[in-house]
Amino acid sequence: MRKPFTAVHIHLVWATWDRQPLLRGEAEAAAYACVRSVCAELGAEVIALNGAEDHVHLLVRLPMTVPISTLAQRVKGASSHLLTHELGCECFKWQGACGAFSVERKHLPLVQRYVERQKQRHAAGDLWPTLEKIHEDG
């Protein structure tokens, strides 16, 4: 039997509540490990994962069995639960909104580098507003 093949690449961006700079050190490492774990459970291949102290960028190849909304809900929910209940970050919360963008295969290397260099880009103020959008107003 043949396995289905999909090349659906999605770039997700979401932020901490009120853009609080909460993703540092252990909290950042735990959140990213949790996101990777949830993606693996769902069969989503993580291509790049990075961010700044107040938001996350995730570039994945999404299987056809997982809606984008399910991926976003699961990674945000699991990481929020982990940070709040297991690491004791009582004030941790994600914003409700998130941005989701389809990425053409030919643009994958460009978006991947953008995500991987988030900290350097933010430090230098070298951002691409289209790839930083979390919701229509911002």
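The values are calculated or read from the model by the stated rules, or taken from the named source; none is laboratory data. As the structure is a computational prediction, the values presented were derived from the model and not from experiment. Ideal geometry is used to build each Cβ from the backbone, glycine not excepted, and the neighbour counts take in all protein chains shown. Just so you know, the surface numbers come from the protein's heavy atoms only, side chains and all, with ligands and any DNA or RNA stripped out. Shrake-Rupley method; radii C 1.70, N 1.55, O 1.52, S 1.80 Å.
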- Note on the structure: When (1) more than 25 Å from GLY125 (Cβ to Cβ); (2) open to solvent by 30 Å² or more (accessible area, probe 1.4 Å) are applied to LEU71, the one that fails is (2)
- Query: Which one is nearest to ASP18 (Cα to Cα) among residues in the stretch 115-138 that are modelled with pLDDT under 90 and crowded, with 16+ Cβ neighbours inside 10 Å?
  - Reply: ILE134
- Note on the structure: The correct count of residues that are surrounded by fewer than 19 Cβ atoms within 10 Å (Cβ to Cβ), outside any strand (DSSP E or B) and in contact with a helix residue (DSSP H, G or I) (Cβ under 7 Å, 6 or more places away or on another chain) in the stretch 40-62 is 2
- GLU26 vs (1) open to solvent by less than 60 Å² (accessible area, probe 1.4 Å); (2) part of a helix (DSSP H, G or I): all pass except (1)
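Yes or no, residue by residue, for (1) in contact (Cβ under 8 Å) with a residue 60 or more places away in the chain; (2) within 18 Å of TYR114 (Cβ to Cβ); (3) not β-branched (Val, Ile, Thr):
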| residue | (1), (2), (3) |
| --- | --- |
| LYS3 | no, no, yes |
| THR6 | no, no, no |
| LEU12 | yes, yes, yes |
| PRO21 | no, no, yes |
| CYS34 | no, no, yes |
| ILE47 | yes, yes, no |
- Note on the structure: Filtering the stretch 15-42 for residues that are modelled with pLDDT under 95 and of a type outside the set (A, V, I, L, M) leaves a count of 10
- When you go through LEU108, LEU87 one by one, which is the residue that is more than 18 Å from LEU59 (Cβ to Cβ) and in contact (Cβ under 8 Å) with a residue 60 or more places away in the chain? LEU87
